[in-house]
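The values are calculated or read from the model by the stated rules, or taken from the named source; none is laboratory data. Keep in mind that this is a model prediction, so the values were computed, not measured. Don't worry about glycine lacking a Cβ; one is built from the backbone with ideal geometry, like all the others, and counts go over all protein chains shown.
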Amino acid sequence: MRTSRLTTLGAALIVLTLGAAPFLASAADHLDAPSLGSLTLGSLKGDRDINDVYVFNGANASKTVLAMTVSPAAGILGPLAFGTNVRYTIHVDNTGAPFADNVAYVARFGAPGTGPNGKQSVMLWRNDMLVASGATGNTVKILPSGKLMAGLRSDPFFFDLLGFRGSLGLSGSGGNTLCDASPTDFFASLNTLAIIIEVPDGALGTNIAVWATTEQLISGNWVAIDQMARPAINTVFNSTAADKEQFNVTPPSTQATVDGGKFVNNTIAVLTALSGLDSEGSYAPAQAAALAGVLIPDVITYNTGTAAVGPLNGRALADDVIDVELNITTGGDPLGLFADRDATGGVPSDCVFAHSDYLATWPYLGVPH
């Protein structure tokens, strides 16, 4: 979608589409819980709303990139600045379940204008040790080895959101349907705020699990606000507002067991219901349970000595997570867990593909529009 067309459509169209449908219509994790804002302009708490998390090998294969994006449609709906009372954390576990964050990178930001040329100041801690200090938009050295960039970037996420809504018979689709004559990537001209870290593999370990959180300073206490790793887990599998809010404050170490396995049971129920929409029929109970055991707890697993190949080994910018999500939920089974379900396949694609503005080298996410 061209920037001029996006401007013509206006923010009202984005409000109508983002977060308004029950299944995947709020994209990866955008607006996944009510506390992150309603669809009223100006109500979005975008500086606390995690959009996506990425984990992949850098241009130098001996280094790993960790990235989180926040603020959906930054500059249109979401803010153009990081929150000054928000703590942004990328958690890394290299010990295995139950996923304690033995490595944590925490970013904090000053008010706009506190850095050079009116930028925001940024500080980064690793396990409570200050390892980087600089300004948004700049490459900042991470001690003893690594680099950080935080600021406005092109949103790497891709999805035919309007076509999806049209295929579900929801309003605001403009007559589009999935894989019609003119598939449109709704996010192609949108920006996001990104925190991008690149460090040597040895700083993280070999087999790691990664997730991101935001916390807000309220009355002197850090209060959990949002959490995600793999795309659309909370968006798709938790249907009530209360469950979505609880999921966002439940660490991966207890997501599988809290409240009698609530989140696992929610995932099984949704997988069973949605997989019945295609010709293969619903997942058998054992199949749904096995897949739920992969999806919960919500972490991105990655072997830092390899190239990222989602959905079970990292997440690269070009990974087509929507196609994977559509296939998992309808029973297409791209993970190859259930060979008997592969004969006819599931929903194959939304027919939009990776953006062309990703960078082959640092900072990897495209320049903002």
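General observations
- Count of segment 175-189 residues, restricted to those that are at pLDDT 90 or above and more than 15 Å from the chain's Cα centre (by Cα), is 3.
- Those residues of segment 228-287 which are without any contact (Cβ under 8 Å) to a residue 60 or more places away in the chain and charged (D, E, K, R), in sequence order: Asp243, Asp259, Lys262
- Members of segment 162-171 found to be crowded, with 19+ Cβ neighbours inside 10 Å and in contact (Cβ under 8 Å) with a residue 60 or more places away in the chain, listed by number: Leu162, Gly163, Phe164, Arg165
- Boolean, Ile90 is among the β-branched types (Val, Ile, Thr) and under 19 Å from Ile225 (Cβ atoms): yes
- Hits in segment 181-196 (condition: outside any strand (DSSP E or B) and in contact (Cβ under 8 Å) with a residue 60 or more places away in the chain): Pro183, Thr184, Asp185, Phe186, Phe187, Ala188, Ser189, Leu190
- Pairs with Cβ under 7 Å, 6+ apart, first in segment 103-114 and among the polar types (S, T, N, Q), second surrounded by fewer than 19 Cβ atoms within 10 Å (Cβ to Cβ) and part of a strand (DSSP E or B): Thr114/Ser121
- Of all the criteria given as (1) within 20 Å of Cys351 (Cβ to Cβ); (2) in contact with a Gly (Cβ under 9 Å, 6 or more places away or on another chain); (3) assigned to a helix (DSSP H, G or I), the one not satisfied by Asp319 is (3).
The rows are residues; the columns are (1) among the polar types (S, T, N, Q); (2) out of contact with any strand residue (DSSP E or B) (no Cβ under 7 Å at 6 or more places or on another chain).
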position: Ala203; (1), (2): no, yes
position: Thr213; (1), (2): yes, no
position: Gly220; (1), (2): no, yes
position: Ala229; (1), (2): no, no
position: Thr250; (1), (2): yes, yes
position: Asn265; (1), (2): yes, yes
position: Ile268; (1), (2): no, yes
position: Ser275; (1), (2): yes, yes
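- Candidate set from segment 322-334 (those that are at pLDDT 55 or above and in a loop (DSSP other than H, G, I, E, B)); member that is farthest from Ala288 (Cα to Cα): Gly332
- Scanning segment 45-72 for residues that are assigned to a loop (DSSP other than H, G, I, E, B) and either crowded, with 24+ Cβ neighbours inside 10 Å or free of Cβ contacts under 8 Å to residues at least 24 places away in the same chain (or both) yields Asp49, Asn60, Ser71, Pro72.
- At least 3 residues being at pLDDT below 95 and surrounded by 15 or more Cβ atoms within 10 Å (Cβ to Cβ) is the threshold, and among the strands (runs of 3 or more DSSP E) wholly inside segment 197-316 those reaching it are 221-228.
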